[in-house]
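Peer 1: Can you keep this structure in mind? I'll have questions shortly.
The values are calculated or read from the model by the stated rules, or taken from the named source; none is laboratory data. Because the structure is predicted, anything quoted here is derived from the model rather than measured. We place every Cβ from the backbone using ideal geometry, glycine too, and count neighbours over all the protein chains shown. Note: accessible area is taken over every heavy atom of the protein model, side chains too, but ligands, DNA and RNA are not part of it. Shrake-Rupley method; radii C 1.70, N 1.55, O 1.52, S 1.80 Å.
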Amino acid sequence: MLRLITSLIAILCCPFFLNAQLLSPSEFLPHDHGDQFTPHHMVVDYVYHVAENSPKVKVEQYGLTNEDRPLLLVYISSEENLEQLDAIRQNNLRKTGLLNGSGDTSLDRAIVWLSFGVHGNEAGASESSMSTLYELVRPGNSKMEEWLKNTIILLDPSLNPDGYSRYTHWYRGVSNLHPSPENDTREHNEPWPGGRVNHYLFDLNRDWAWQTQVETQQRNELYLQWMPHIHVDYHEQYPNSPYYFAPAAAPFHEYINEWQRDFQLEIGHNHARYFDREGWLYFTREIFDLFYPSYGDTYPLFHGAIGMTHEQAGHGIAGRAYIMENHDTLTLADRIAHHTSTAMSTVEMASVNADRIVKHFEDYYDTALNNSGNGYKTYIVKADNPIGRMKALLDLLDRNQIQYYKANSPMKVNAYHYLDTREGTAQINEGDLIIPANQPMSVMTKILFEPEPFLEDSLTYDITAWALPYAYGLEAYATNQKINTSSTFEMAPYTPQKRTTPYAFAIKWDAFSSAKVLAALLKEDIRVRYSNAIFTLEGQEYPRGTLLITQADNRKNSKWASTVTTIADQHQQNIQPISTGFSDSGTDLGSSMISYLEAPKIALLSGESTSPYSFGEMWYFFERNLEYPVDVYNADQLSSIDLSNYNTLILPEGGYRWNDALVKKVDSWIKKGGKLIAVGGALNSLAGKDAFAITSKNAPVKEETTYIDTDHHYAGQARRAISSSIPGAIFNVHLDNTHPLAYGLGGKYHTLKTSSNSFELLDDGWNAAYLKGAQDPVGFAGSKALKRVENSLVFGLQEKGSGSVIYLVDDPLFRGFWENGKLLFSNALFMAN
């Protein structure tokens with residue numbers, strides 16, 4: 001009997017028996033694959049089924065989403081390769097310089113990472129992950145057996161499980177038993193906010209570099225441990241579009257090298273061979289460019305990989321069947337077949353060209369370590385920048401594994417001044433932060449710090465400027481000189497606060513970290529004031545915006561002082577105990593220039609009238625950045641909300657249709673002490689209404705010439721249109737740093753303008769920041785758009801009775817990465833009234 005059991009175990013564990021039990025997606029799922037959308041938990045179940053029944057597959061759960069769905073990475077290769085998987089990974093890292101030691105050519109393998117479904121409602125992508133996985137390990141697939149001998153495939157079946165689940169659960173709940181291909185039926189009309197975005201409504205395909213979202217953070221940590229040679233990002237586009245695959249459209253970023261450009265073309269030709277055989281339509285070299293650094297194709301490219309986007313017709317519009325403009329029907333099964341084909345073609349190209357791929361990858365990092373490419377050689381960030389901003393920058397550099405050091409001696413260099421946007425001389429002091437370009441992450445370093453990226457073609461898909469010193473509001477420089485460094489730069493260690501009960505505590509307001517401390521204090525019912533004037537007390541100068549927590553205001557709270565010091569320690573925030581309210585110069589602590597800060601009670605609008613991205617940025621800001629309570633209402637509820645329960649109402653970007661009664665209600669609430677904060681496109685809904693002082697400048701700029709241009713060709717219409725657009729450029733604003741909206745920003749603020757939306761300066765209000773005269777931004781802005789934004793508002797305040805309206809023309813929370821914008825938004829919340 002024991003011998004029989006032993007024999008059965010041996011049979012069950014042998015690879016042949018495992019493969020015999022391997023089921024295709026259609027055999028495993030309760031529906032034929034492609035007949036219905038598969039819930040995420042079933043996708044996960046199928047991945048584990050394949051791993052349990054194929055010796056060529058391993059699965060790793062690398063994280064969880066905000067809604068606690070698993071994030072998976074599947075490893076596919078030969079059994080021999082899987083047995084030495086970590087050795088292969090480490091060997092590849094040695095080629096980058098991120099791991100010490102020499103490479104072992106016997107461990108060289110082509111490494112391919114396939115990412116499916118970063119946009120959740122592009123659901124055909126995640127569906128395709130299952131058929132791709134099955135084809136990679138399907139018994140009897142002799143070609144694949146050969147390819148897996150020299151290739152490691154890493155497959156992520158769903159980068160955005162929360163968005164995918166939002167879409168697929170909605171669709172399964174509203175669709176007919178048999179799909180309805182008619183375009184206007186309800187199963188083709190996905191409701192707000194759509195499944196494209198994650199839980200906090202962020203576009204994860206714009207977050208690779210900034211890593212604001214938990215999905216990106218967890219994935220990129222693993223990505224940088226592997227550093228694949230090829231990365232494909234699987235998407236869907238509108239239903240009438242033929243399939244798109246690389247090569248990409250211009251503009252290419254100048255740091256994308258010749259090999260990366262050429263091998264994209266080779267892969268494209270191989271894809272075309274299979275598509276031609278099937279008679280499938282496709283296009284290349286249009287629309288999808290390679291410039292913005294935070295995509296799922298460009299981020300890998302800037303790490304030495306062949307990064308590519310593949311786009312299949314589908315999207316949240318298509319459902320399971322959709323009648324296209326040619327009167328044919330696009331099915332979910334079609335979408336799966338096309339993506340699976342390009343995945344197989346990509347693996348084939350990796351295997352056939354494995355030696356070339358590994359060699360060019362190694363050459364890429366040899367160039368990086370020797371900094372033999374273009375661009376500045378060193379970036380300097382002054383060590384005396386506000387501590388909170390420095391910590392935020394270092395956190396981003398660490399997430400991207402960018403190396404940095406400390407200057408070991410003072411010197412002067414010729415350098416580009418970010419804050420002044422000009423070349424000049426910079427003084428480097430011992431201890432300043434030095435980020436050299438000659439390091440493994442050389443290209444990513446130069447791209448994140450480049451003062452003005454070279455744009456070969458202004459017809460681009462996204463923002464065109466993003467340099468971190470502008471985003472973080474840092475005094476920083478870029479130079480072509482190498483700087484002598486010593487050890488790795490480290491912030492001075494935080495010293496815990498002494499437990500004392502002073503006359504008051506002071507906290508300088510100079511970074512978003514200060515706002516986080518304020519939010520924590522207010523949640524503990526600590527009463528806070530802030531200074532509207534510069535003052536000196538006990539030998540120390542305090543700027544406008546300084547937070548003051550006084551014994552007098554908190555006298556009924558016996559634990560006020562210990563609460564303040566505990567919160568300071570939790571946030572590692574330096575605070576200054578003060579023994580007297582009598583200043584050395586300037587205002588005393590009891591002066592009317594020291595304002596009492598009323599804790600905001602916030603209502604935030606959402607729903608179909610709002611941009612899901614803008615609302616999501618604010619929702620994330622309150623819940624994850626600031627950690628401060630906010631009540632969310634659908635915008636169409638505004639007429640029934642009891643606004644007396646709130647002192648702050650926030651309008652994200654969007655289009656609001658307020659009738660006279662609603663305008664009157666909001667206006668009355670403002671006059672009684674309410675604060676209305678309107679952002680971006682929301683200003684258009686207020687402009688022209690008598691209750692609001694904001695006036696649009698968006699009427700087209702008149703041409704100076706009156707002749708008819710007979711050479712106005714139809715083919716040039718897209719390029720003519722961009723003369724009126726600002727896809728994303730950085731403008732140096734004229735700042736009134738005495739106004740509460742500007743507290744803590746310093747003498748300079750750079751705004752990221754992502755549209756040509758512009759407004760007149762306020763006649764009845766405070767123009768705290770505006771664009772003065774002709775503009776020369778960092779990044780691309782069309783000539784007509786530049787004319788329109790001259791002498792236009794950036795942010796300002798209108799006083800109304802006891803309340804105010806704050807106008808933020810440019811979204812300061814855009815994509816969650818504009819760090820100095822978080823401080824500006826905090827000023828609007830806490831300081832400005």
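Peer 1: Do you know which residues across the stretch 576-593 are of a type in the set (S, T, N, Q), in contact (Cβ under 8 Å) with a residue 40 or more places away in the chain, in a loop (DSSP other than H, G, I, E, B) and open to solvent by 60 Å² or more (accessible area, probe 1.4 Å)?
Peer 2: Quick first cut of the stretch 576-593, residues of a type in the set (S, T, N, Q) only: 576, 579-580, 583, 585, 587, 591-592.
This time we only want the ones that are in contact (Cβ under 8 Å) with a residue 40 or more places away in the chain, so: 576, 579-580, 583, 585, 587, 591.
Narrowing further to those that are in a loop (DSSP other than H, G, I, E, B): 579-580, 583, 587, 591.
Result: Ser579, single match.
Peer 1: Got a sec? Which strands (runs of 3 or more DSSP E) wholly within the stretch 460-547 have at least 2 residues that are under 30 Å from Pro727 (Cα atoms)? It would help to see each step written out before you state the result.
Peer 2: Numbers: elements: 476-479, 485-488, 504-507, 528-531, 535-537, 540-542.
Hits in the stretch 460-547: 476-479.
Peer 1: Need pairs with beta-carbon distance below 7 Å; first residue within 18 Å of Asp384 (Cβ to Cβ) and within the stretch 470-497, second open to solvent by 20 Å² or more (accessible area, probe 1.4 Å) and of a type in the set (Asp, Glu); sequence gap 6+ or separate chains.
Peer 2: Listed pairs, sorted by first residue: Tyr472/Glu819.
Peer 1: Can you confirm whether the stretch 790-803 contains a residue that is touching a Lys or Arg at 6+ places or on another chain (Cβ under 7 Å), open to solvent by less than 20 Å² (accessible area, probe 1.4 Å) and either at pLDDT 95 or above or small (Gly, Ala, Ser) (or both)?
Peer 2: Keep residues of the stretch 790-803 that are touching a Lys or Arg at 6+ places or on another chain (Cβ under 7 Å), which gives 791-792, 800-803.
Checking which are open to solvent by less than 20 Å² (accessible area, probe 1.4 Å) leaves us with 792, 803.
If we keep only those that are either at pLDDT 95 or above or small (Gly, Ala, Ser) (or both) as well, we get 792, 803.
Yes: one or more hits.
Peer 1: Go through the stretch 642-653 and count every residue that is open to solvent by 10 Å² or more (accessible area, probe 1.4 Å) and not in a helix (DSSP H, G or I).
Peer 2: Looking only at that region, the number is 4.
Peer 1: Show me the helices (runs of 4 or more DSSP H) found entirely inside the stretch 256-360 where at least 3 residues are of a type outside the set (D, E, K, R) and within 30 Å of Trp466 (Cα to Cα). Break it down into steps so the answer makes sense when it comes.
Peer 2: Numbers: elements: 258-278, 298-301, 315-318, 332-352.
Fully inside the stretch 256-360 and qualifying: 258-278, 298-301.
Peer 1: Could you grab me the full set of residues in the stretch 483-508 that are closer than 17 Å to Asn827 by Cα and either in contact with a Lys or Arg (Cβ under 8 Å, 6 or more places away or on another chain) or open to solvent by 10 Å² or more (accessible area, probe 1.4 Å) (or both)?
Peer 2: Residue satisfying the conditions is Lys508 alone.
Peer 1: Quick check on the stretch 385-402: of everything there that is in a loop (DSSP other than H, G, I, E, B) and touching a residue at least 60 places away in the same chain (Cβ under 8 Å), which residue is nearest to the chain's Cα centre (by Cα)?
Peer 2: Step one: list which residues in the stretch 385-402 are in a loop (DSSP other than H, G, I, E, B), which gives 385-386, 400-402.
Next cut, touching a residue at least 60 places away in the same chain (Cβ under 8 Å) only: 385-386, 400-401.
Working: Asn385: 24, Pro386: 23, Asn400: 13, Gln401: 17 Å.
Here the answer is Asn400.
Peer 1: Between residues in the stretch 134-148 that are within 15 Å of Ala354 (Cα to Cα) and residues that are assigned to a loop (DSSP other than H, G, I, E, B), which pairs lie under 6 Å by C-beta distance while being six or more apart or on different chains?
Peer 2: Leu148/Ser77; Leu148/Ser78
Peer 1: Okay, moving on. Only one of Ala476, Ala471, Ala511, Ala465 is aliphatic (A, V, I, L, M) and out of contact with any helix residue (DSSP H, G or I) (no Cβ under 6 Å at 6 or more places or on another chain). Can you tell me which?
Peer 2: Numbers: Ala476 fails: out of contact with any helix residue (DSSP H, G or I) (no Cβ under 6 Å at 6 or more places or on another chain); Ala471 fails: out of contact with any helix residue (DSSP H, G or I) (no Cβ under 6 Å at 6 or more places or on another chain); Ala511 fails: out of contact with any helix residue (DSSP H, G or I) (no Cβ under 6 Å at 6 or more places or on another chain).
On inspection, the qualifying residue turns out to be Ala465.
Peer 1: Give the residue, chosen from Glu122, Glu145, Glu127, that is of a type in the set (Asp, Glu), surrounded by 22 or more Cβ atoms within 10 Å (Cβ to Cβ) and under 27 Å from Lys56 (Cα atoms). Reasoning before the result, please.
Peer 2: On the way: Glu122 fails: under 27 Å from Lys56 (Cα atoms); Glu145 fails: surrounded by 22 or more Cβ atoms within 10 Å (Cβ to Cβ).
Result of the check over Glu122, Glu145, Glu127: Glu127.
Peer 1: If the requirement is being modelled with pLDDT of 95 or more and open to solvent by 10 Å² or more (accessible area, probe 1.4 Å), which of these qualifies: Phe283, Phe275, Phe302, Phe288? Before you say what the answer is, go through the steps one by one.
Peer 2: Numbers: Phe275 fails: open to solvent by 10 Å² or more (accessible area, probe 1.4 Å); Phe302 fails: open to solvent by 10 Å² or more (accessible area, probe 1.4 Å); Phe288 fails: modelled with pLDDT of 95 or more.
Exactly one residue qualifies, and that residue is Phe283.
Peer 1: Mind checking which residues of the stretch 792-833 are aliphatic (A, V, I, L, M) and more than 19 Å from Leu683 (Cα to Cα)?
Peer 2: Those that are aliphatic (A, V, I, L, M) and more than 19 Å from Leu683 (Cα to Cα): Leu823, Met831.
Peer 1: Let me ask something additional. Which residue pairs have Cβ atoms closer than 7 Å, lie 6 or more positions apart in sequence or on different chains, and pair a first residue in the stretch 335-351 that is at pLDDT 95 or above with a second residue that is open to solvent by less than 10 Å² (accessible area, probe 1.4 Å) and aromatic (Phe, Trp, Tyr)?
Peer 2: His338/Tyr243; His339/Tyr234; Thr342/Phe245
Peer 1: Follow-up. Please state which of the following conditions Phe692 fails to meet, knowing it meets all the rest: (1) open to solvent by 30 Å² or more (accessible area, probe 1.4 Å); (2) of a type in the set (Phe, Trp, Tyr); (3) under 26 Å from Lys753 (Cα atoms).
Peer 2: (1)
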